[in-house]
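Chemist: Here it is, the structure in full.
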Amino acid sequence: MHHTCFMLNIDLHCHSTISDGLLTPIQLVERAALRGVTTMALTDHDDIAGLAEARNAAEAKSITFINGVEISVSWRGRTLHIVGLNIDPEYPPLVEGLANIRAGRSQRAENIAAELAKIGIQGSLEGAYAHVGERRLIGRTHFARFLVEQGYAKDVKSVFKKYLVKGKPGYASHEWATLSDTVGWIRGSGGRAVIAHPGRYGLGKNIWNDLLQEFYAFGGSAIEVITSSHTPDQVQHFARHAHAMNLMTSCGSDFHGPGESFFDLGQLPEFPAGCTPVWHDWNHQG
Ligand code: AMP
Ligand code: MN
Ligand code: MN
Ligand code: MN
């Protein structure tokens with residue numbers, strides 16, 4: 001039996017074939033509906049092309065649909081992900097900013113393929129493109145799926161331990177958007193900015209505090225406290241920090257597809273006490 005602790009089953013972070021998910025926006029919404037999700041956001045990497053289709057499908061299933069996106073950011077030499085919720089997908093600075101981020105992905109893919117070729121892995125560029133839904137969204141997950149298919153690792157999770165990350169073969173550094181632009185686009189479009197999966201960045205105490213201060217100063221709204229990669233301790237930790245900074249909290253599975261994700265859609269633990277959910281004042285809750 002699936003155990004969901006929310007009275008409202010809410011999932012505000014997942015991916016479709018528009019970026020590096022395995023299900024189309026419609027398939028994703030249908031899976032969410034079967035799993036009792038009542039409110040969901042689609043948050044593809046750097047792209048909003050799946051929102052209209054997902055919204056239609058969600059409305060047909062009486063799911064409250066939230067326009068979302070997960071934006072790739074470079075900050076102090078690191079890559080961070082910022083989720084935007086309730087964005088306006090027509091807001092020109094956001095549309096333009098996302099197009100610019102996507103434009104960098106094809107060059108980075110060539111650089112990744114060149115790095116892999118150095119250790120004797122040939123054909124990875126075409127191989128990765130064979131796994132992509134939309135060519136403009138080529139990313140590391142598509143390289144990871146190619147490497148699994150070629151037998152270099154048993155699954156996508158283990159590929160990332162050996163390849164594609166800083167210090168390992170197949171890594172290519174890349175400049176994404178700035179934190180200030182990203183929060184600005186999200187805010188400017190009427191949305192809320194959320195620091196996605198903070199536990200994954202491995203930030204020391206001081207750097208994390210700097211990030212929180214900057215994020216807050218730029219107009220950031222929330223921290224993703226519940227996500228599949230957080231331990232129970234990390235959940236408590238980030239909930240306390242959200243509270244201390246007067247930031248709201250968000251939750252999402254970061255679902256990419258059956259068999260590839262630790263949490264399925266809408267299979268999320270509860271917030272610790274004292275959190276202010278990012279949806280607390282959304283008045284269109286079904
Ligand atoms: P990219 O935006 O192209 O750099 O790809 C980032 C994506 O790679 C993330 O959104 C995840 O889907 C995937 N990814 C990164 N690190 C890992 C990991 N350690 N295990 C599984 N997937 C990962
Ligand atoms: Mn991803
Ligand atoms: Mn992410
Ligand atoms: Mn994600």
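Chemist: In the range 233-257, how many are closer than 21 Å to Thr38 by Cβ and part of a loop (DSSP other than H, G, I, E, B)? Can you show your working first?
Modeler: Initial filter on the range 233-257 (closer than 21 Å to Thr38 by Cβ): 248-255.
Imposing the further condition that a residue be part of a loop (DSSP other than H, G, I, E, B) reduces the set to 252-254.
Of the residues in that region, 3 qualify.
Each row is one residue, and each column tells you yes or no for (1) assigned by TED's automatic domain parsing to the domain that holds Ser221; (2) away from ligand 3 (no atom under 14 Å from the Cβ).
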site	(1), (2)
Val156	no, no
Pro169	no, yes
Gly184	yes, yes
Arg187	yes, yes
Arg192	yes, yes
Tyr201	yes, no
Gly204	yes, yes
Ile207	yes, yes
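Chemist: Now a separate question. Within the range 52-77, how many residues turn out to be basic (Lys, Arg) and either within 16 Å of ligand 4 (Cβ to nearest atom) or touching a strand residue (DSSP E or B) at 6+ places or on another chain (Cβ under 8 Å) (or both)?
Modeler: Our first condition is that a residue be basic (Lys, Arg); within the range 52-77, this holds for 55, 61, 76.
In the following step, the residues that additionally are either within 16 Å of ligand 4 (Cβ to nearest atom) or touching a strand residue (DSSP E or B) at 6+ places or on another chain (Cβ under 8 Å) (or both) were identified as 55.
Number satisfying all stated conditions: 1.
Chemist: For the range 119-145, which residues satisfy the criterion of being farther than 23 Å from Glu70 by Cα and part of a helix (DSSP H, G or I)?
Modeler: Ser124, Leu125, Glu126, Gly127
Chemist: Within the range 195-237, count every residue that is touching a helix residue (DSSP H, G or I) at 6+ places or on another chain (Cβ under 9 Å) and within 16 Å of ligand 4 (Cβ to nearest atom).
Modeler: Residues in the range 195-237 being touching a helix residue (DSSP H, G or I) at 6+ places or on another chain (Cβ under 9 Å) and within 16 Å of ligand 4 (Cβ to nearest atom): 12 in total.
Chemist: Related question: With respect to Lys157, is the statement that it is surrounded by fewer than 20 Cβ atoms within 10 Å (Cβ to Cβ), more than 24 Å from Leu98 (Cβ to Cβ) and more than 18 Å from the chain's Cα centre (by Cα) true? Give the steps one after another, and end with the answer.
Modeler: Working: surrounded by fewer than 20 Cβ atoms within 10 Å (Cβ to Cβ): yes; more than 24 Å from Leu98 (Cβ to Cβ): yes; more than 18 Å from the chain's Cα centre (by Cα): no.
So Lys157 fails the test.
Chemist: Would you check if Thr38 is farther than 27 Å from Ser180 by Cα, touching a Gly at 6+ places or on another chain (Cβ under 7 Å) and within 15 Å of ligand 1 (Cβ to nearest atom)?
Modeler: So Thr38 does not fit the description; no.
Chemist: Restricting to the range 46-69, and then to whatever is among the acidic types (Asp, Glu) and part of a helix (DSSP H, G or I), can you tell me which residue is surrounded by the most Cβ atoms within 10 Å (Cβ to Cβ)? Steps first, answer last, please.
Modeler: Filtering the range 46-69 down to residues among the acidic types (Asp, Glu) leaves 46-47, 53, 59.
Checking which are part of a helix (DSSP H, G or I) leaves us with 53, 59.
Values: Glu53: 17, Glu59: 12.
So, considering only residues that are among the acidic types (Asp, Glu) and part of a helix (DSSP H, G or I), the one surrounded by the most Cβ atoms within 10 Å (Cβ to Cβ) is Glu53.
Chemist: Keeping to the range 104-150, report how many residues are charged (D, E, K, R), in contact (Cβ under 8 Å) with a residue 12 or more places away in the chain and loosely packed, with under 15 Cβ neighbours inside 10 Å.
Modeler: Initially, the range 104-150 is screened for residues charged (D, E, K, R), giving 105, 108, 110, 115, 118, 126, 134-136, 140, 145, 149.
Retained after the next criterion (residues that are in contact (Cβ under 8 Å) with a residue 12 or more places away in the chain): 105, 108, 110, 115, 118, 134-136, 140, 145, 149.
Checking which are loosely packed, with under 15 Cβ neighbours inside 10 Å leaves us with 110, 118, 135, 149.
The total comes to 4.
Chemist: Does Leu116 satisfy the criteria of being farther than 25 Å from Thr227 by Cβ and either in a helix (DSSP H, G or I) or within 14 Å of ligand 2 (Cβ to nearest atom) (or both)?
Modeler: Details: farther than 25 Å from Thr227 by Cβ: yes; either in a helix (DSSP H, G or I) or within 14 Å of ligand 2 (Cβ to nearest atom) (or both): yes.
In short, yes.
Chemist: Within the range 70-92, count every residue that is within 16 Å of ligand 1 (Cβ to nearest atom) and buried (at least 18 other Cβ atoms within 10 Å of the Cβ). Let's see the steps before the verdict.
Modeler: In the first step, residues of the range 70-92 are kept if they are within 16 Å of ligand 1 (Cβ to nearest atom); the result is 70-75, 77-84.
Right, trim to buried (at least 18 other Cβ atoms within 10 Å of the Cβ) and you get 70-73, 75, 80-84.
Within the range 70-92, residues that are within 16 Å of ligand 1 (Cβ to nearest atom) and buried (at least 18 other Cβ atoms within 10 Å of the Cβ) number 10.
Chemist: Suppose the filter is at pLDDT below 95 and surrounded by fewer than 18 Cβ atoms within 10 Å (Cβ to Cβ); does Pro169 pass it?
Modeler: Details: at pLDDT below 95: no; surrounded by fewer than 18 Cβ atoms within 10 Å (Cβ to Cβ): yes.
Here the answer is no, as Pro169 does not meet what is asked.
Chemist: Of all residues being crowded, with 24+ Cβ neighbours inside 10 Å and within 11 Å of ligand 2 (Cβ to nearest atom) in the range 33-45, which is nearest to Ser19 (Cα to Cα)? Just the residue, please. Walk me through it before giving the result.
Modeler: Taking the range 33-45 as the starting set, the residues that turn out to be crowded, with 24+ Cβ neighbours inside 10 Å are 37, 40-44.
From the residues that got through so far, the ones that are within 11 Å of ligand 2 (Cβ to nearest atom) too are 43-44.
Details: Thr43: 9, Asp44: 5 Å.
Applying the filter and picking the extreme gives Asp44.
Chemist: If Ile101 satisfies every condition in (1) surrounded by fewer than 24 Cβ atoms within 10 Å (Cβ to Cβ); (2) more than 15 Å from ligand 2 (Cβ to nearest atom) but one, which is the exception?
Modeler: Ile101 satisfies all of (1) surrounded by fewer than 24 Cβ atoms within 10 Å (Cβ to Cβ); (2) more than 15 Å from ligand 2 (Cβ to nearest atom) except (2).
The values are calculated or read from the model by the stated rules, or taken from the named source; none is laboratory data. Only a predicted model underlies this, so the values are computations on that prediction, with no experimental measurement involved. Because the Cβ atoms are built from the backbone with ideal geometry, glycine has one as well, and the counts that use them run over all protein chains shown.
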